[in-house]
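Asks: The structure is given below, and queries will be raised subsequently.
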Amino acid sequence: MPAQPLIRLGTRRSPLAMAQAHEARARLCAAHGWDESAVELVPVVASGDRIQDRPLAEIGGKALWTRELDQWLVEGRIDGAVHSMKDVETLRPEAIAIAAILPRADKADRLLGAGSIAAIPAGARIGTSAPRRAAQLLHLRPDLTVVGIRGNVATRMAKLEAGEADATFLAAAGLDRLGEDAVGVRLDPEAWMPAPAQAAIGIECRSDDARARDLLRAIDDAESHAEIAAERRLLEGLGGSCSSPIAALSRTSEGRIALSAAIFSPDGTVRIGDESEFAAGDDEAPLALARALLGRAPSEVTAHFGQPL
């Protein structure tokens, strides 16, 4: 048993973030034959966890999930940072590298409060602060009302129970990681598309830390990493942010990725969808898909996207 940890992993303090950090630690220990004490978990309170009464887009976007961990990483207080990759900004500081993506879990969303999208009663209030979920819902069911709710999994389930909304959505992967695998109804991701990089746990380290990169490489899942790279490249090509309604789904087979994507107007009246198939590691194909989507999109959609590549 080492006297000092061999690697320190920073994580947000939420129950789901801690569950993800424990998974990362378990995989590292299994890969290297370490005792659990070799990996120290360092909880950090993220701005996004402190501020829960406003949508992310109003208070700083996805950086609210990464700011404190980025600072601790660059300062050398931790060697790696464990993230939900869908919460990580598309453009990262040069000093920070994505060293590992763990094997991706279920990409689907689950619906809580109704048996299906079609079964939600007319006029019901659906709780979500995710532009992708709101736009996708209103595209299918314009008769419904979206109400904003934020918070961790337990908080959102409690708000639903308290009647703040009639139904809501949660990521299947997050529920599964918290042992809530029986909660809600799984929505087919081919019909109800997930967020880019949903269900992926990533670990970042300092770009110049060869030792940490080498240790983390042992738990990197190549197929999952290639999918996440493609979906993040799509986001980059779209100039997407946390306020842009974007859905994406990757399927990998024999080294090739089939990537479907859709962008929406926030009210769901306009949906532009397309797909592309390309070799894993192809950086240009996701950009071409982004350009194709934006090229067909009217101003009521493109107004909600930033400067594309």
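The values are calculated or read from the model by the stated rules, or taken from the named source; none is laboratory data. This is a predicted model, so every value here is computed, not measured. Glycine also receives a Cβ, built like all others from the backbone with ideal geometry; neighbour counts cover every protein chain displayed.
Asks: Output the qualifying pairs, or none if there are none: Cβ atoms under 7 angstrom, residues six or more apart or on different chains, first residue in the stretch 145-170 and in the same structural domain as L64 (by TED's automatic domain parsing), second residue outside any strand (DSSP E or B).
Replies: Listed pairs, sorted by first residue: none to list.
Asks: Can you spot a residue in the stretch 287-308 that is under 21 Å from the mean Cα position of the chain (by Cα) and closer than 30 Å to L28 by Cβ?
Replies: Scanning the stretch 287-308, I find no residue that is under 21 Å from the mean Cα position of the chain (by Cα) and closer than 30 Å to L28 by Cβ, so the answer is no.
Asks: For the list (1) touching a Leu at 6+ places or on another chain (Cβ under 9 Å); (2) part of a loop (DSSP other than H, G, I, E, B); (3) modelled with pLDDT of 95 or more, I need the number of the one condition that S129 fails.
Replies: (3) is the only condition that S129 fails.
Asks: Could you figure out which of (1) crowded, with 17+ Cβ neighbours inside 10 Å; (2) under 29 Å from G10 (Cα atoms) isn't true of E223?
Replies: Against the list (1) crowded, with 17+ Cβ neighbours inside 10 Å; (2) under 29 Å from G10 (Cα atoms), E223 comes up short only on (1).
Asks: Which of the following residues is outside the structural domain of A212 (by TED's automatic domain parsing) and of a type in the set (A, V, I, L, M, F, W, C): A173, A100, A95? Don't jump to the end; show me each part of the working.
Replies: Details: A100 fails: outside the structural domain of A212 (by TED's automatic domain parsing); A95 fails: outside the structural domain of A212 (by TED's automatic domain parsing).
Exactly one residue qualifies, and that residue is A173.
Asks: I need a count of the residues in the stretch 258-296 that are among the acidic types (D, E) and either part of a strand (DSSP E or B) or under 21 Å from A191 (Cα atoms) (or both).
Replies: Qualifying residue count, the stretch 258-296: 4.
Asks: Of all the residues that make up the stretch 142-183, how many are in a loop (DSSP other than H, G, I, E, B), more than 19 Å from the chain's Cα centre (by Cα) and either among the acidic types (D, E) or crowded, with 17+ Cβ neighbours inside 10 Å (or both)?
Replies: Residues that pass the stated criteria total 5.
Asks: Output the residues belonging to the stretch 265-287 that are loosely packed, with under 15 Cβ neighbours inside 10 Å and of a type in the set (A, V, I, L, M, F, W, C).
Replies: Passing the criteria: only A279.
Asks: Step by step: first the residues of the stretch 184-197, then only those that are within 12 Å of L111 (Cβ to Cβ) and of a type outside the set (A, V, I, L, M, F, W, C), then the one that is surrounded by the fewest Cβ atoms within 10 Å (Cβ to Cβ). Which residue is that?
Replies: Step by step, filter the stretch 184-197, then rank; the result is D188.
Asks: Can you say whether I228 is in contact with a His (Cβ under 9 Å, 6 or more places away or on another chain), modelled with pLDDT of 95 or more and crowded, with 18+ Cβ neighbours inside 10 Å, as far as the supplied structure shows?
Replies: So I228 fails the test.
Asks: Could you pull out the residue among L69, L9 that is assigned to a helix (DSSP H, G or I), at pLDDT 90 or above, more than 20 Å from G179 (Cβ to Cβ) and touching a strand residue (DSSP E or B) at 6+ places or on another chain (Cβ under 6 Å)?
Replies: Working: L9 fails: assigned to a helix (DSSP H, G or I).
On inspection, the qualifying residue turns out to be L69.
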